[in-house]
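Undergrad: After the structure tokens below, expect a handful of questions from me.
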Amino acid sequence: MRAPGTLFAGLLLLFAAGVAVVVDHPAAVAAGNCSSTDPALDAEEIAFYLLINQYRADNGLKPLTISTNLTRSSAWMAQDMATRGYFSHTDSLGLAPTQRVMQCGYIDQAGENIAAGTSWSSALSVFEGWRNSPGHNANMLSPIYVNIGIGRYFDANAPYGWYWVTDFGISFDGTDGSDIRIAESGVRNSDVRVGQFNSVTVLPGGVRVQDLPGWTVWDPLPNGNWQQWGPRDYIPGGTVVGLMPVGMSMDKGRNPR
């Protein structure tokens, strides 16, 4: 029987007592494996990226930048745990997170969150799970981190089904994810008419309301009215929303004017 959801606390918080900094690395076996794993960020991984940066902004913290190297490490680790049937911060090659990310091209120390379970398929579910776990939450809100890598992997034959990994880095490594495929987020420009009320579908990666400057965003209700999304809300991909130019008003929640 598969566990409904398993979390592994972020025990590798940098500078915490009892954490050794490893400077002697094994042979670079993991680097080739990182290259063999597709690091492309899918819609749920991008959704997680938007969620965590909104969460950090809400807590007065700077956003994290996607690191290609950390993402390669996260993607490799998620797949390795799933295909080899284990759940640990130490991978199948015996590498801890900092060793692993360096083998994958990162330049400095790293912290890590991992999650596994059939209930952790979506970005929102794993984000809420980590947010409600002190160790994971501390990693997500740590001011020392500037980079992030995100990976998830599903294997129906693995002990827990879905596996997620986020790696957090303390130094900018000169990458920003522009060299890996990233799922589309936001709304399509061609769907938006300037100066008018628009009904549009959010792209697969979702969107934050704050990333749509100059517009208020509205949610269509079953009774035909519209309800405004808050300025700090995240809207999942596939959601139909109304975009109304700032300065235009809604008549009793029903008709833009």
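Undergrad: Which members of region 215-237 meet the condition of being open to solvent by less than 50 Å² (accessible area, probe 1.4 Å) and assigned to a loop (DSSP other than H, G, I, E, B)?
TA: Across region 215-237, the qualifying residues are G224, N225, G230, G237.
Undergrad: With respect to the numbered conditions (1) part of a helix (DSSP H, G or I); (2) among the hydroxyl-bearing types (S, T, Y); (3) buried (at least 24 other Cβ atoms within 10 Å of the Cβ), which one is the sole condition not fulfilled by S125?
TA: Only one criterion is unmet by S125, namely (3).
Undergrad: Report, ordered by the first and then the second residue, all pairs with beta carbons closer than 6 Å, sequence separation of six or more or different chains, a first member in region 166-180 that is among the hydroxyl-bearing types (S, T, Y), and a second member that is open to solvent by 30 Å² or more (accessible area, probe 1.4 Å).
TA: Listed pairs, sorted by first residue: S171/I107; S171/D108.
Undergrad: Continuing with this model, one more query. Scan region 106-121 for residues that are open to solvent by less than 40 Å² (accessible area, probe 1.4 Å), within 24 Å of N157 (Cβ to Cβ) and part of a loop (DSSP other than H, G, I, E, B) and jot them down.
TA: Residues satisfying the conditions are G117, W120.
Undergrad: Which of the residues that make up region 163-184 are farther than 18 Å from G206 by Cβ, buried (at least 23 other Cβ atoms within 10 Å of the Cβ) and in contact with a Ser or Thr (Cβ under 8 Å, 6 or more places away or on another chain)? I'd like the intermediate steps shown before the answer.
TA: Of the residues in region 163-184, the ones farther than 18 Å from G206 by Cβ are 163, 165, 167-176, 178-180.
From what is left, the residues that are buried (at least 23 other Cβ atoms within 10 Å of the Cβ) are 163, 165, 167-169.
Within region 163-184, V165, D167, F168, G169 qualify.
Undergrad: Scan region 74-85 for residues that are of a type in the set (S, T, Y) and either open to solvent by less than 10 Å² (accessible area, probe 1.4 Å) or at pLDDT 95 or above (or both) and jot them down.
TA: Looking only at region 74-85, we keep the residues that are of a type in the set (S, T, Y), and these are 74, 83.
Matches in region 74-85: S74 only.
Undergrad: Same structure again: For H136, which of the numbered conditions (1) within 26 Å of N59 (Cα to Cα); (2) under 18 Å from the mean Cα position of the chain (by Cα); (3) open to solvent by 20 Å² or more (accessible area, probe 1.4 Å) fails to hold?
TA: (3)
Undergrad: Are there any pairs with C-beta distances below 7 angstrom linking a residue in region 207-222 that is over 17 Å from L50 (Cβ atoms) and among the aliphatic types (A, V, I, L, M) to a residue that is open to solvent by less than 50 Å² (accessible area, probe 1.4 Å) and part of a loop (DSSP other than H, G, I, E, B), with the two at least 6 apart or on different chains, and if so which?
TA: As it stands, the answer is none, since no pair meets every condition given.
Undergrad: Among the residues that make up region 149-157, is at least one of them within 30 Å of R84 (Cα to Cα), among the hydroxyl-bearing types (S, T, Y), open to solvent by 30 Å² or more (accessible area, probe 1.4 Å) and at pLDDT 90 or above? Spell out the reasoning first.
TA: Narrowing region 149-157 to residues within 30 Å of R84 (Cα to Cα): 149-157.
Among the residues that remain, those that are also among the hydroxyl-bearing types (S, T, Y) are: 153.
After this cut, where a residue has to be open to solvent by 30 Å² or more (accessible area, probe 1.4 Å) as well, the list is 153.
Keeping just the survivors that are at pLDDT 90 or above gives 153.
For region 149-157, residues within 30 Å of R84 (Cα to Cα), among the hydroxyl-bearing types (S, T, Y), open to solvent by 30 Å² or more (accessible area, probe 1.4 Å) and at pLDDT 90 or above: present.
Undergrad: Are there any pairs with C-beta distances below 7 angstrom linking a residue in region 229-245 that is at positive phi to a residue that is modelled with pLDDT of 90 or more and not polar (S, T, N, Q), with the two at least 6 apart or on different chains, and if so which?
TA: Every condition considered, the pairs that remain are G238/V202.
The values are calculated or read from the model by the stated rules, or taken from the named source; none is laboratory data. Bear in mind the structure is a predicted one, so any value in this text is a computation, not a measurement. No Cβ is skipped: glycine too gets one built from the backbone with ideal geometry, and neighbour counts run over all protein chains shown. Just the protein is used for accessible areas: all its heavy atoms, side chains included, with ligands, DNA and RNA removed. Shrake-Rupley method; radii C 1.70, N 1.55, O 1.52, S 1.80 Å.
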